[in-house]
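Some notes on the structure that comes next.
The values are calculated or read from the model by the stated rules, or taken from the named source; none is laboratory data. Fair warning: this is a prediction, and the values are worked out from it, not measured in the lab. Every residue, glycine among them, receives a Cβ derived from its backbone with ideal geometry; neighbour counts consider all protein chains shown. For the accessible areas, the whole protein counts, side chains as well, though only heavy atoms, and no ligand, DNA or RNA atoms are used. Shrake-Rupley method; radii C 1.70, N 1.55, O 1.52, S 1.80 Å.
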Amino acid sequence: ADAYRWLDADRAAGEASSAAAGTVALWPVRALDLVNDLAGPVVRRHPEIGRLRAVLRAAGALASEMTGSGSTVFGLFSSQAAARRAAAVAAAEDAWSLVTRFAPRFGP
């Protein structure tokens, strides 16, 4: 609830709603835009989320963003090895990490 209240307050104050995460060019099939309108308001109040996004990018993430209202930060990597290296860097920042992969697509 706080994140949505902050979004409303920031919009009323003229603040940008999104701390842009950017576009991942050449993601497996096409460009992937990562946008979370709650990122700006949440990162302004919890800068550790912004720092973790930056740590993941510096450690090789093609992009990083927070999920939903900020309970999780994720990075997209070109390989599992790169993700594992970044997980070690994140752990050094006192962050818990999990390396996973996309689930296969089912259906048409």
- Note on the structure: Filter region 1-39 for residues that are at pLDDT below 70 and of a type in the set (Val, Ile, Thr); the one that is least open to solvent (accessible area, probe 1.4 Å) is 24
- Quick one: how many residues across region 92-108 are in contact with a helix residue (DSSP H, G or I) (Cβ under 8 Å, 6 or more places away or on another chain) and either among the small types (Gly, Ala, Ser) or not in a loop (DSSP other than H, G, I, E, B) (or both)? 2
- Matching residues in region 58-91 (open to solvent by 50 Å² or more (accessible area, probe 1.4 Å), touching a helix residue (DSSP H, G or I) at 6+ places or on another chain (Cβ under 9 Å) and part of a helix (DSSP H, G or I)) number 2
- Message: So, in region 93-107, how many residues would count as being open to solvent by 80 Å² or more (accessible area, probe 1.4 Å) and either of a type in the set (Asp, Glu) or under 23 Å from residue 45 (Cα atoms) (or both)?
- Response: 3
- Among (1) within 23 Å of residue 105 (Cβ to Cβ); (2) in contact with a Ser or Thr (Cβ under 6 Å, 6 or more places away or on another chain); (3) at pLDDT below 90, which single condition is residue 75 missing? (3)
- Message: Quick check on residue 45: is it surrounded by fewer than 17 Cβ atoms within 10 Å (Cβ to Cβ) and modelled with pLDDT of 90 or more?
- Response: yes
